[in-house]
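The values are calculated or read from the model by the stated rules, or taken from the named source; none is laboratory data. Everything numeric here is computed off the predicted structure, so don't read it as measured data. Ideal geometry is used to build each Cβ from the backbone, glycine not excepted, and the neighbour counts take in all protein chains shown.
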Amino acid sequence: MPALAPPLDRPLAPPLAPPLDRPLRLAFLGDANSIHVHRWAGWFADHGHTVSLLVPAGFEVRPGLPRTLSVERFRPYYQGRFRPYGYVAERRSLREVVARLRPDVVHAHYLTEYGWHAWMSGFHPYAITVWGSDVTISLRRSRRTALYGRVSLRGADLVTGDSASLVEDVIAAGARPDRTHLIQFGVDTGLFSPGPDPAELRARLGLQGRRVLFSPRLIRPLYRHTVAVEALASLPDDFVLLMGRYQVDEAELAAVLGRAEALGLSDRIHVVPSIDHGEMPDFYRLAAAVLTLPMSDATPVTLLEALACERPVVATDLPSVREWLAELDGGSLVPIDDAQATADGILRIAARSLEDQRQIGRRGRAIVQERASQDANMTAVEVMYNGLRSRRP
């Protein structure tokens, strides 16, 4: 089972980094309601570092933010009628917040907007983690967006992406190769692990005797849930589609449910409230197959969580996804927006023997343990942060 080589033959973490002699002070820019920001920043808070989230004034932080993360507000450039003044006001506001916090590193999660905030702060060292669509879609919308992205990436002291293809894309967009590294968000493989069918959850959801297709991605246009609905129309009646309402786009949900109604599938669609992170493993364990069908993506954390739980996955054949599934289970890769191919992939999984399912499941979990452990990847980032701190004047 070959391990994925770091991009461009670089090691996971810079060599000869100084020892961590004291806790870090870290400031993160990102969506304060995102589970991915919570998990990344929260890992460092849980390991004794001081962590703050820099949040634009007026942004609603919903319940669920870990108590270990403090929130500091700044004035964003888009507040106010005169945009040039807004840039000046944001720079001043961010500088005041940063001067008070005295972080060792400012780290932006998502290039467009948050990476720009990091660059506009004038603070160094700053890091940017790209998430996928910010590079592969957003930067291509206008020349101005591409220019802002290039300037922000070029000035960054550290850039990370979670797939080899994304690292190549971000270097092409302006990141410095010697400062760019492949880092996974990582999976807690203790929490996300194989287990028995969760009978209590299945009964609570009324799914006894049904084969569950679990689509854990956000219900937004990018993630193509209508393709999953259309695939369902080609499957036996005991298959059902299960989705969650976390950060749902209500217009897209209406479109998905409307498509299901048009196909006569409304009784086979189950949309549950937002799923608690601690309960997610049981939702994966329910699944006959996990679906991830976006038109563009970096490495989906949900893909890695499903593999860690030894569940089969049907996924769109994107470069970042191919890095994980091509050798493990190439038949589970399907073309973008191809409902029939998606249905065929699900039926191939359903036709496997129990022993074949177990062997592929164990191999998938081993790959995640080898390459996507949260502790291993965040420890590498900790080393990188400390190296940046040691070079500060």
**Study point:** Leu65 being under 26 Å from Arg392 (Cα atoms) and not hydroxyl-bearing (Ser, Thr, Tyr)
**Key:** no
Point to revise | Of all residues in segment 186-200 being more than 22 Å from Ala289 (Cβ to Cβ) and surrounded by fewer than 21 Cβ atoms within 10 Å (Cβ to Cβ), the one that is farthest from the chain's Cα centre (by Cα) | key: Gly190
Revision key, fill the gap. Exception for Ser165 within (1) of a type in the set (Gly, Ala, Ser); (2) more than 24 Å from Tyr78 (Cβ to Cβ); (3) buried (at least 24 other Cβ atoms within 10 Å of the Cβ) falls at (3)
Check your understanding: Right, Leu222: assigned to a helix (DSSP H, G or I) and within 24 Å of His277 (Cα to Cα) or not?
Key -> yes
Point to revise | Qualifying position, being at pLDDT below 95, in a helix (DSSP H, G or I) and touching a helix residue (DSSP H, G or I) at 6+ places or on another chain (Cβ under 6 Å), among Ser165, Ser152 | key: Ser165
Review point. Across segment 135-185, which residue is farthest from Arg371 (Cα to Cα) among those that are within 20 Å of the chain's Cα centre (by Cα) and of a type in the set (D, E, K, R)?
Key: Asp169
Study note, to complete from the structure: Subset of segment 168-188, residues in a loop (DSSP other than H, G, I, E, B) and in contact with a Leu (Cβ under 9 Å, 6 or more places away or on another chain), comes to Ala173, Gly174, Ala175, Arg176, Ile183, Gln184, Phe185, Gly186
Practice item. Evaluate the following for Leu158: is it of a type outside the set (S, T, N, Q) and in contact with a strand residue (DSSP E or B) (Cβ under 8 Å, 6 or more places away or on another chain)? Key: yes
**Study point:** Scan of segment 274-292 for residues that are more than 17 Å from Val334 (Cα to Cα), of a type in the set (Ser, Thr, Tyr) and either in contact (Cβ under 8 Å) with a residue 40 or more places away in the chain or in contact with an Asp or Glu (Cβ under 6 Å, 6 or more places away or on another chain) (or both), ordered by number
**Key:** Tyr284
Study note, to complete from the structure: Residues of segment 353-393 being part of a loop (DSSP other than H, G, I, E, B), out of contact with any Gly (no Cβ under 8 Å at 6 or more places or on another chain) and in contact (Cβ under 8 Å) with a residue 12 or more places away in the chain, in sequence order, are Arg391, Arg392
Point to revise | Residues of segment 58-87 classified as more than 20 Å from the chain's Cα centre (by Cα) and closer than 22 Å to Ile128 by Cβ, total | key: 12
Practice item. Working carefully through the options Leu235, Leu222, Leu213, Leu257, find the one that is in contact with a Phe, Trp or Tyr (Cβ under 8 Å, 6 or more places away or on another chain) and in the same structural domain as Val290 (by TED's automatic domain parsing). Key: Leu213
Check your understanding: What about Arg224, is it modelled with pLDDT under 95 and under 19 Å from the mean Cα position of the chain (by Cα)?
Key -> no
Exercise for review: Answer with yes or no whether Pro236 is surrounded by fewer than 15 Cβ atoms within 10 Å (Cβ to Cβ) and closer than 22 Å to Leu347 by Cβ.
Suggested key: yes
Review point. Is it true that some residue in segment 147-157 is under 24 Å from Tyr223 (Cα atoms) and either aromatic (Phe, Trp, Tyr) or not assigned by TED's automatic domain parsing to the domain that holds Asn386 (or both)?
Key: no
**Study point:** Single residue of Val97, Val71, Val88 found to be among the aliphatic types (A, V, I, L, M), surrounded by 12 or more Cβ atoms within 10 Å (Cβ to Cβ) and either touching a Pro at 6+ places or on another chain (Cβ under 9 Å) or at pLDDT below 90 (or both)
**Key:** Val88
**Study point:** Residue, surrounded by the fewest Cβ atoms within 10 Å (Cβ to Cβ), within segment 115-133, restricted to residues that are assigned to a helix (DSSP H, G or I), at pLDDT below 95 and touching an Asp or Glu at 6+ places or on another chain (Cβ under 9 Å)
**Key:** Ser133
Check your understanding: Looking at Val106, is it at pLDDT 95 or above, under 26 Å from Ala57 (Cβ atoms), in contact with a Ser or Thr (Cβ under 7 Å, 6 or more places away or on another chain) and of a type in the set (Val, Ile, Thr)?
Key -> yes
Practice item. Examine segment 334-351 for a residue that is within 19 Å of Gln184 (Cα to Cα), assigned to a helix (DSSP H, G or I), without any contact (Cβ under 8 Å) to a residue 40 or more places away in the chain and of a type in the set (Lys, Arg), and state whether such a residue exists. Key: no
Review point. Quick check: is even one residue across segment 134-157 within 25 Å of Pro23 (Cα to Cα), touching a residue at least 60 places away in the same chain (Cβ under 8 Å) and crowded, with 18+ Cβ neighbours inside 10 Å?
Key: yes
